[in-house]
Each structure stands twice: as structure tokens, then as C-alpha cells.
Amino acid sequence: MDHMQALDDLIAAHAGREGPLLPILNDVQAAFGCIDEPAIRHIAAALNLSRAEVHGVVSFYHDYRAVPTPRPIIRLCRAEACQARGADALAAAMAPVAAGRASIESVYCLGLCSVGPNAMVGGALHARLDAQSLAALVEAL
């Protein structure tokens, strides 16, 4: 199946849904690892939106990417509650461990404030992290 046919199938899966743009973008990001310019144009045409409208949504949310990332992403919470539990030191300790294996991105609240520091890896949340447990997650990637 070619790229555009797969894109059409993802769009069709949301036919008749009210406000389908975000669910479609989520599916496209998950399926292809990015939402590139041809996909933006195709989605805009299918939803009768301008390319600028779709691009505006894609560029607003940091989870959407124009090109696929070469490495897995670890989203480490850096909000106040996780900072109070050592997230800043954890981020500093993880930089050399993750180098070349994963990208560490800061996010500001994963919603698990009482059990921080937290991270999201591949859509899964991990709580009560320390350098050893986060290094184990990196090793498992």
C-alpha cells in the first residue's frame, strides 16, 4: 500500500466524526512518524480546510513532527512537582546515558505529580524514576 492510500485510509477511519483533525493527525503521526508537507496538503483537501489551518495545528503541538525522529523519545517531566523530586538532576544524569540512543525532551506535567519524577516512553508512563530505573528504560529501547 502506498503512502497516500494509507493516508486516505486513516482519514476515512474518521469519516463523519465531528472535529476529526486532531484524531487524524494523531493517527498519521503514529503511522508514519511524522506529518510532512504532502500529508498536510492531503489532509487539508480531504477535510476542506486550508493548508494553513492544518499547518497551524501541526506546528502548535510539539508532539507533531515534520520529519521522523531517528531515535526514540523519552519525555521527562520537568514541572514543579517533579523538579522538587529531583527531575533536574535526573535529566543531567541521563544526558550521557541517552546520547546516541534516545532523545530526552522536557515536558511540563504528565499528570502523575504525586509519584514523580515521571517520564513517558513510547506512550507508556513511568513513575518514581531515579537514574538507575531511567537508565534501564533507555537500555530497553
I need a count of the residues in the range 94-136 that are surrounded by 15 or more Cβ atoms within 10 Å (Cβ to Cβ) and either in a strand (DSSP E or B) or touching a residue at least 60 places away in the same chain (Cβ under 8 Å) (or both).
8
Here is a check on your reading of the model: is residue 53 under 30 Å from residue 6 (Cβ atoms) and among the acidic types (Asp, Glu)?
yes
What pairs come up if the first residue lies in the range 38-61 and is over 16 Å from residue 17 (Cβ atoms), the second is among the β-branched types (Val, Ile, Thr) and outside any helix (DSSP H, G or I), and their beta carbons are under 8 Å apart, counting only those six or more places apart or on different chains?
58/35
Examine the range 70-88 for a residue that is out of contact with any Pro (no Cβ under 6 Å at 6 or more places or on another chain) and more than 21 Å from residue 118 (Cβ to Cβ), and state whether such a residue exists.
yes
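Any read-out appearing in this document is the output of simple, stated calculations on the displayed coordinates, not a laboratory observation. Not measured: the values here are computed from a predicted model. All Cβ positions, even for glycine, are placed from backbone atoms using ideal geometry, and neighbour counts span all protein chains on display.
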